[in-house]
Amino acid sequence: MNVLFIEDDRMNRRVVKDMLDVAGVSMVEAESAERGLEILDEQEFAMILVDLRMPGMDGITAIEHIRARQDAKAKVPIIVVTADIAPDLRERCLTAGADDVIFKPVAMDSLFDAMGVILARGAEGDGVIG
């Protein structure tokens with residue numbers, strides 16, 4: 001399984017990469033939303049993790065760009081990984097097209113639980129996994 005993590009903070013990328021390595025999941029890093037969209041053009045991913053607050057394009061805008069694609073990549077599951085605790089945050093992310101939201105600092109069980117739920121939905125034929 002190949003995952004794209006769009007996150008501007010190097011340490012956060014490393015922590016999540018270490019967690020995914022334990023499960024044998026490959027992770028490609030993008031240090032900005034713009035770079036993440038470029039990488040998505042070039043490679044296939046089973047899932048995308050995206051931070052919300054980044055310089056330049058924010059995570060919500062990146063999600064909207066992904067969902068607006070005219071190919072199968074528009075349906076790749078997206079999990080928001082954020083430290084933002086705004087009351088309407090989850091609703092805004094889901095409205096933009098995210099499949100789930102988890103909070104920093106990322107706990108391994110939260111990450112794997114969110115990924116597992118999304119993968120299970122795809123296995124049941126909900127069309128989540130493209």
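The values are calculated or read from the model by the stated rules, or taken from the named source; none is laboratory data. Fair warning: this is a prediction, and the values are worked out from it, not measured in the lab. Neighbour counts run over all protein chains shown; Cβ positions are idealised from the backbone, glycine included.
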Within segment 53-70, how many residues are within 17 Å of residue 29 (Cβ to Cβ) and aliphatic (A, V, I, L, M)?
4
Quick check: is even one residue across segment 2-22 out of contact with any Asp or Glu (no Cβ under 8 Å at 6 or more places or on another chain), surrounded by fewer than 17 Cβ atoms within 10 Å (Cβ to Cβ) and outside any helix (DSSP H, G or I)?
no
Determine the pairs where a residue that is assigned to a helix (DSSP H, G or I), located within segment 90-102, has a partner that is modelled with pLDDT under 95 with Cβ atoms under 9 Å apart, the partner being 6 or more residues away or on another chain.
92/86
Which pairs have Cβ atoms under 6 Å, sit 6 or more apart or on different chains, and link a residue in segment 65-86 that is over 20 Å from residue 110 (Cβ atoms) and of a type outside the set (Val, Ile, Thr) to one that is part of a loop (DSSP other than H, G, I, E, B) and modelled with pLDDT of 95 or more?
67/97
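Suppose we filter 48, 60 for residues that are surrounded by 15 or more Cβ atoms within 10 Å (Cβ to Cβ) and closer than 20 Å to residue 1 by Cβ; which single one remains?
Numbers: 60 fails: closer than 20 Å to residue 1 by Cβ.
The unique qualifying residue is 48.
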What is the number of the single condition among (1) surrounded by fewer than 20 Cβ atoms within 10 Å (Cβ to Cβ); (2) touching a Phe, Trp or Tyr at 6+ places or on another chain (Cβ under 6 Å) that residue 76 does not meet?
(1)
Selection from segment 63-79 of residues aliphatic (A, V, I, L, M) and either in a loop (DSSP other than H, G, I, E, B) or out of contact with any Gly (no Cβ under 6 Å at 6 or more places or on another chain) (or both) yields 66, 68, 74, 76, 78, 79
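Hey, any hits in segment 33-48 for a residue that's outside any strand (DSSP E or B), out of contact with any His (no Cβ under 7 Å at 6 or more places or on another chain), on the phi > 0 side of the Ramachandran plot and modelled with pLDDT of 95 or more? Spell out how you get there, then give the answer.
Narrowing segment 33-48 to residues outside any strand (DSSP E or B): 33-46.
Retained after the next criterion (residues that are out of contact with any His (no Cβ under 7 Å at 6 or more places or on another chain)): 33-36, 38-46.
Next, from what is left, pick out any that are on the phi > 0 side of the Ramachandran plot: none.
No; the residues of segment 33-48 include none that is outside any strand (DSSP E or B), out of contact with any His (no Cβ under 7 Å at 6 or more places or on another chain), on the phi > 0 side of the Ramachandran plot and modelled with pLDDT of 95 or more.
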